[in-house]
Ligand code: B12
Ligand code: SF4
Ligand code: SF4
């Protein structure tokens with residue numbers, strides 16, 4: 001081996017050793033156990049140095065807290081029964097819920113089993129975890145699971161495309177949890193743009209805490225969960241927001257395929273109450289029953 005290459009390899013090994021020596025394994029175990037005790041179904045750790053291109057600057061943990069070393073990413077599952085409930089039939093079969101109130105009734109059931117309850121619990125877990133880590137001497141910040149005022153977006157008071165300046169759907173949340181979940185070893189990204197976990201497929205919601213604590217990162221999962229042969233989510237998308245035109249994103253030697261996705265269409269036609277209930281997640285064959 002040439003001399004320069006030997007020095008380079010030795011430096012790489014040394015850096016890796018130092019990085020390993022600098023992680024706090026006990027604290028990592030404690031944080032994960034605490035998150036589970038608070039109600040998280042899955043917890044993973046991504047180190048800040050994984051948020052590299054094509055992941056954009058401005059959205060990395062270290063853009064949120066300078067010197068952030070880790071993101072703790074956690075998940076709560078959707079209830080299978082809530083996702084598969086036949087709301088349309090239920091509304092048709094009853095004469096006791098007046099027609100004008102049916103959308104509202106259906107929506108409140110969906111919110112309970114698949115949305116607001118999970119969001120509130122994720123916010124609570126994130127806040128407690130951030131306090132826990134801060135009390136141990138590590139600045140930490142809980143990133144909410146979503147925007148908190150979708151109604152303003154639905155009703156056009158906030159235009160995510162900025163009047164077309166951002167092509168439909170290119171706007172990013174400050175911290176995209178699905179990608180963070182992939183970087184924290186919790187799952188694979190599907191053509192649907194959703195995070196697929198081995199335990200719950202895409203049927204879950206995600207939030208994260210960024211922290212300066214040097215936690216031990218989990219390995220990114222090697223196994224591809226979204227097979228090339230499957231396009232069920234695209235075929236079943238009722239608004240045609242997901243298109244059978246694929247584009248690729250390469251990260252760290254791994255190539256992932258995504259459906260071209262008209263997010264404005266999904267927002268306007270798929271999500272406005274009562275919406276499609278997230279069909280792309282419901283129909284995905286990855287771990288359908290749990
Ligand atoms: C804005 C938003 C929307 C918008 C746009 C959707 C979107 N995918 O961007 C609208 C309103 C349309 C929407 C719809 C829905 N949403 Co939404 N939404 C968000 C929000 C707030 C931000 C997402 C964002 O920043 N997108 C921009 C970028 C990240 O996405 P993108 O350009 O499509 O990039 C994808 C690929 O190109 C690739 N990629 C691009 N660059 C890079 C770089 C690297 C390094 C890698 C590895 C990959 C990669 O990864 C991305 C895949 O996720 C997140 C919450 C959050 N903070 O993360 C929830 C979130 C994505 N939504 C969620 C859900 C469940 C839904 C719905 C099912 C509706 C519902 N019932 O709630 C649908 C599903 C639509 C779909 N198939 O994605 C969940 C997804 C959970 C999961 N299992 O993955 C999230 C994470 C909310 C949560 N906290 O759990 N949503
Ligand atoms: S949420 Fe509904 S409309 Fe939006 S992409 Fe998924 S299936 Fe299509
Ligand atoms: S439905 Fe099929 S193509 Fe879509 S995300 Fe799931 S496994 Fe991938």
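The values are calculated or read from the model by the stated rules, or taken from the named source; none is laboratory data. This one's a predicted model, so the numbers in the text were calculated from it and none came from an experiment. Positions of Cβ are backbone-derived with ideal geometry, glycine not excepted, and every protein chain shown enters the neighbour counts.
Taking each residue of the range 102-123 that is within 26 Å of residue 209 (Cα to Cα) and looking for partners that are at pLDDT below 90 and surrounded by 15 or more Cβ atoms within 10 Å (Cβ to Cβ) with beta-carbon atoms closer than 7 Å, six or more apart or interchain, yields 113/82; 114/82; 114/83; 119/146. You will find that of 278, 253, the residue that is within 12 Å of ligand 1 (Cβ to nearest atom) and within 20 Å of residue 81 (Cα to Cα) is 278 and no other. Elements of the type helices (runs of 4 or more DSSP H) sitting completely within the range 19-86 and holding at least 3 residues that are in contact with a helix residue (DSSP H, G or I) (Cβ under 9 Å, 6 or more places away or on another chain) and more than 16 Å from ligand 3 (Cβ to nearest atom): these cover 25-38. Residues of the range 185-203 that are more than 13 Å from ligand 3 (Cβ to nearest atom) and surrounded by fewer than 24 Cβ atoms within 10 Å (Cβ to Cβ): 185, 199. Taking the criterion of being at positive phi and more than 18 Å from the chain's Cα centre (by Cα), the residues of the range 250-290 that qualify are 252, 253, 275. Scanning for something more than 28 Å from residue 120 (Cβ to Cβ) and within 11 Å of ligand 2 (Cβ to nearest atom), does the range 200-219 turn up at least one residue? No: the range 200-219 contains no residue that is more than 28 Å from residue 120 (Cβ to Cβ) and within 11 Å of ligand 2 (Cβ to nearest atom).
Can you find a residue in the range 182-201 that is in contact with a helix residue (DSSP H, G or I) (Cβ under 8 Å, 6 or more places away or on another chain), closer than 13 Å to residue 71 by Cβ and not in a loop (DSSP other than H, G, I, E, B)? There is at least one residue in the range 182-201 that is in contact with a helix residue (DSSP H, G or I) (Cβ under 8 Å, 6 or more places away or on another chain), closer than 13 Å to residue 71 by Cβ and not in a loop (DSSP other than H, G, I, E, B).
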